[in-house]
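*Asks:* Please find one structure pasted underneath; my questions will follow.
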Amino acid sequence: MNEIDEAQGRRWRLVLGSAGEAGLGGGGLGNADDQAMDRALGALYDSGGQGGSGRRSGGLGGSAPQVSRWLGDIRRYFPSTVVEVMQRDAVDRLNLTELLLEPELLEAVEPDVHLVGTLLSLNRVMPETTKATARMVVEKVVKEIERRIAAATVAAVGGALNRAARVSRPRLRDIDWDRTIRKNLANYLPEHRTVVPERLVGYGRKAQAVKRDVVLAIDQSGSMASSVVYASVFGAVLASMRSLRTSLVVFDTAVVDLTEKLADPVEVLFGTQLGGGTDINRAIAYSQSQITRPADTLFVLISDLYEGGVRAEMLRRIRAMKEAGVQVVVLLALSDEGAPAYDRDNAAALTALGVPAFACTPDRFPDLLAVALDRGDVGAWAHKALHCQT
């Protein structure tokens with residue numbers, strides 16, 4: 001083989017495992033690092049998963065020490081994006097969920113959103129000895145998400161609220177001189193080297209009064225794990241803005257109001273319980289009871305719309321919200337994975353009511369909030385946005 005063929009043969013051998021050696025000319029992996037990578041891949045993927053037949057040729061043996069060594073190996077030989085995928089596959093294929101309750105194992109894991117979702121689903125059965133470590137893992141992921149989205153969210157939302165507050169007769173201290181000059185360039189007097197500001201542009205007084213209310217209602221069903229994590233962090237960021245009054249409720253067949261915990265998104269997440277049934281109608285009913293200024297309220301429902309409650313009542317409540325002046329947006333997912341499985345009949349019914357329903361990535365959510373708070377056409381924005389899938 002030439003050099004290119006050898007590189008291609010190595011990659012195919014790592015993909016196919018030992019079963020692919022014959023088809024690749026019978027050559028094995030001579031490099032010690034390649035052999036270690038092959039063992040790590042074989043331990044996970046040679047087993048055939050939970051549904052496979054016969055004994056696995058690899059495997060992690062179901063013990064924390066072996067899993068810890070394997071986690072160390074994959075972190076050594078693979079990039080972090082691949083590590084996250086392999087960890088997720090290990091939990092799914094080899095049923096390692098119970099081992100995640102051991103603090104020593106959690107310390108070796110590469111934290112990511114999906115791992116946080118798994119830990120939250122184990123919240124009720126998690127022993128006290130593990131909770132401190134689990135909290136550290138969740139906190140690390142939350143801080144990374146905050147670093148990723150906080151500044152963009154504050155800038156986008158703040159800009160939308162400021163635009164809404166602009167006035168045409170501002171006080172001197174409230175004049176936006178940059179925009180005023182731009183608006184009056186036609187009135188430039190070259191002999192005086194000045195602009196005559198016939199039209200003043202400014203902002204409303206930056207009072208402490210709340211300008212808009214935002215209510216987030218988050219579906220806790222198991223498929224919504226990543227959305228719960230991201231929405232909780234976004235809720236905490238919005239709650240930090242004095243010009244917004246932010247409420248957050250999570251629901252399955254019951255509704256839990258976590259608004260008082262919004263200052264700490266980690267506390268919010270540990271107040272959730274992933275899994276169980278879904279009663280969207282009950283969650284909407286509770287959210288309605290919290291809305292005191294319909295015309296100034298944005299209601300965001302994050303759900304795959306698989307309703308276990310009364311569907312007709314759910315749609316009636318959404319219609320009533322809109323007729324009262326509430327701006328309603330439905331997100332089928334708030335995650336990096338794109339469009340999820342969702343109830344298409346309910347999504348179509350909401351669209352018929354004039355309520356946009358689509359999946360959105362966290363990176364685009366600040367822009368979505370800005371459009372919504374600026375009372376723009378969210379549905380039109382969603383169709384144009386590259387990372388939002390209707």
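*Asks:* Tally Lys/Arg at +1 and Asp/Glu at -1 over every other residue whose Cβ is under 15 Å from the Cβ of residue 239; what's the total?
*Replies:* Result for the neighbourhood of residue 239: -1.
*Asks:* If you stretched the chain out fully between residue 311 and residue 260, how much longer would it get, using 0.36 nm times the residue separation minus the C-alpha to C-alpha distance?
*Replies:* 15.4 nm
*Asks:* In whole Hz, with x marking every Gly and Pro, tabulate ³J(HN,Hα) for region 269-281 from phi via Karplus 6.51 cos²θ - 1.76 cosθ + 1.60, θ = phi - 60°.
*Replies:* Here the 3J(HN,Hα) series is 5, 6, x, 8, 9, 5, x, x, x, 9, 10, 5, 4 Hz.
*Asks:* Residue 175 to residue 293: FRET efficiency via 1/(1 + (r/R0)^6), r the Cβ-Cβ distance, R0 35 Å, to the nearest 0.05?
*Replies:* For residue 175 and residue 293, the calculated efficiency is 0.75.
*Asks:* Which lysines have a Cα less than 21 Å from the Cα of residue 140, not counting those fewer than 8 places away in the same chain?
*Replies:* 131, 261
*Asks:* Hey, if you put +1 on the Cβ of every Lys and Arg and -1 on every Asp and Glu Cβ in region 312-363, which of 361, 351, 333 ends up farthest toward the positive end of that dipole?
*Replies:* Working it through, the farthest residue towards the positive pole turns out to be 351.
*Asks:* Can you give the extra length, in nm with one decimal, that the chain gains between residue 146 and residue 36 once fully stretched, where that is 0.36 nm per residue apart less the Cα-Cα distance?
*Replies:* Full extension of this stretch gives 36.0 nm more.
*Asks:* With a 1.4 Å probe and all protein chains left in place, how much accessible area per residue does region 70-159 have, in Å²?
*Replies:* 48 Å²
*Asks:* Tell me, what is the FRET efficiency for residue 88 and residue 344 to the nearest 0.05, using R0 = 35 angstrom and their Cβ-Cβ distance as r?
*Replies:* Between residue 88 and residue 344 the formula returns 0.85.
*Asks:* Rounded if a/c is under 1.5, else prolate if a/b is larger than b/c, else oblate: which is region 254-390, with a ≥ b ≥ c the root eigenvalues of its Cα gyration tensor?
*Replies:* rounded
*Asks:* Would you mind computing, in nm to one decimal, how far apart the modelled labels at residue 323 and residue 136 are, each placed 7 Å from Cα along Cα→Cβ?
*Replies:* It is 5.6 nm.
*Asks:* Would you please give the residues with an amide H less than 5 Å from that of residue 246, counting only those at least 5 places away or on a separate chain, with H modeled from the backbone geometry?
*Replies:* HN-HN under 5 Å from residue 246: 214.
*Asks:* Mind grabbing the accessible area of residue 201 for me, 1.4 Å probe, Å², rounded to tens?
*Replies:* Accessible area of residue 201: about 10 Å².
*Asks:* Let me ask another. Could you rank 38, 304 by how accessible they are, 1.4 Å probe, largest area first?
*Replies:* 38, 304
*Asks:* Right, here's the next one. Between residue 336 and residue 273, what's the calculated FRET efficiency when r is the beta-carbon distance and R0 is 22 Å? Round to 0.05.
*Replies:* Computed FRET efficiency for residue 336 and residue 273 comes out at 0.45.
*Asks:* Dipole of region 191-308, Cα-centred, from +1 at each Lys and Arg C-beta and -1 at each Asp and Glu C-beta, to the nearest 20 debye?
*Replies:* Dipole size: approximately 740 debye.
The values are calculated or read from the model by the stated rules, or taken from the named source; none is laboratory data. The model shown is predicted, which means the values in this text are computed figures rather than measured ones. Neighbour counts are summed over all protein chains in view; Cβ atoms, including those assigned to glycine, are modelled from backbone coordinates with ideal geometry. For accessibility, only protein heavy atoms count, side chains too; no ligands or nucleic acids. Shrake-Rupley method; radii C 1.70, N 1.55, O 1.52, S 1.80 Å.
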